[in-house]
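Undergrad: Here it is, the structure in full.
Each reported figure results from applying straightforward, stated rules to the coordinates on display, with no laboratory input. All of these numbers come straight from a predicted model, not from anything done at the bench. Note that each Cβ is placed from the backbone with ideal geometry, even for glycine, and that neighbours are counted across all protein chains shown.
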Amino acid sequence: MRKNRFTTYPFGVLSILFAATLWGTTGVVATLAPDISSLAIGAFSIGVGGILQTCLSLKQLRRDFGKILFHKKKLFIGVIALIIYPLAFYSSMKFAGVAIGTVISISTAPFFCVLLERLFGKEEKITKKWLSSFVTGVAGITLLVTSESATVDHAVQDMKLFGILLGIVAGLTYATYSWIAKAMIDSGIQSQAAMGSLFGFGAILLLPTLVITGDNLFSSSTNVIVIVYMALIPMGLGYIAYGFGLRFVTASSANVLTLFEPVVATVLAVVIVGERIPLIGWSGIVLILICLLLQSRNSSNSY
């Protein structure tokens, strides 16, 4: 048994890194279709990807349908958070830039997760280690946010700050639906059924919004390729690879490995899109990654 776990662990690690790499490409790919609104990209990717996730979990959904209905209040809140998340996330990247929008969205989620666990879960008081990582993260975000304040036009800076605010909203909503999914799983609902129910109801509510926001979705072959890629590759294949990896890698280890996503997003934004981040901004990104590593280490030590 030990030998089997040892030999399959690398496959789990590679699967998680593969998923994080796919997720890290979403911001850059979205820039290839500038005439599609960020709201439409978010709605289409989560909507179609959500249908795919639901189809893959139909067996588990039928088995745990009664348990899911028992948690209808949590399910409702989780679905609302899931709906807001892609809209805020893709809009954040549009206004603040791919690199900054991705880093802010991902870096704030762990903090909100901890707050939700303290407020509504069974977790005990916040530790000194957590506070130290929190201070490190705040310092990093501050450096990243203010890195271009002296050289950028006020109007552009205002849009950037608005994008950062949307990134924080994305972090909050991501943490909310993730925490609710975990709460449902802890209550005895299978993981595939919990995620399938959230994504399924989310898709039902998101896809109709395309009537208003999706004017240019199919106006060119490039646009079609972009939205199909977003729905099937990061949302579809990415989550399949992530789920496969979790069979061989612990959740705490997976959290560390997914930190590869903002790294990929930042590098692609600089190399392909041509975004420029000052040295102070890079220092902020490094502090944020250190903070996330500390957060993951703290989570690992608490189990």
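Undergrad: Quick check on packing: order 229-235, 280-286 by the mean number of other C-beta atoms within 10 Å, highest mean leading.
TA: 229-235, 280-286
Undergrad: I need the peptides 167-178, 133-144, 206-217 ranked by packing, meaning the mean over residues of other C-beta atoms within 10 angstrom, with the highest value on top.
TA: 167-178, 133-144, 206-217
Undergrad: For a 22 Å ceiling on Cα separation, which of these pairs sit above it: 73/182; 67/182; 72/94?
TA: 72/94
Undergrad: Here's another thing I want to ask about it. Quick one: work out Rg over Rh on the C-alpha atoms of the stretch 2-301, Rh as Kirkwood radius.
TA: For the stretch 2-301, the value is 0.96.
Undergrad: Continuing with the same structure: Contour minus end-to-end for residue 62 and residue 280, with contour as 0.36 nm per residue of separation and end-to-end as the Cα-Cα distance?
TA: Answer, rounded to one decimal: 73.3 nm.
Undergrad: Using the 10 angstrom Cβ neighbour count as an exposure proxy, how do 76, 18, 44, 70 rank, fewest first?
TA: Ascending Cβ contact count within 10 Å gives the list 76, 70, 18, 44.
Undergrad: Now a separate question. Hey, fewest Cβ within 10 Å first, where do 221, 91 land in order?
TA: Going from least to most buried by this count: 221, 91.
Undergrad: Counting other Cβ atoms within 10 Å, which chymotrypsin sites (Phe, Trp or Tyr not before Pro) in the stretch 184-226 have at most 15 and lie in a DSSP loop?
TA: Within the stretch 184-226, the qualifying chymotrypsin sites (Phe, Trp or Tyr not before Pro) (loop, at most 15 other Cβ atoms within 10 Å) are 218.
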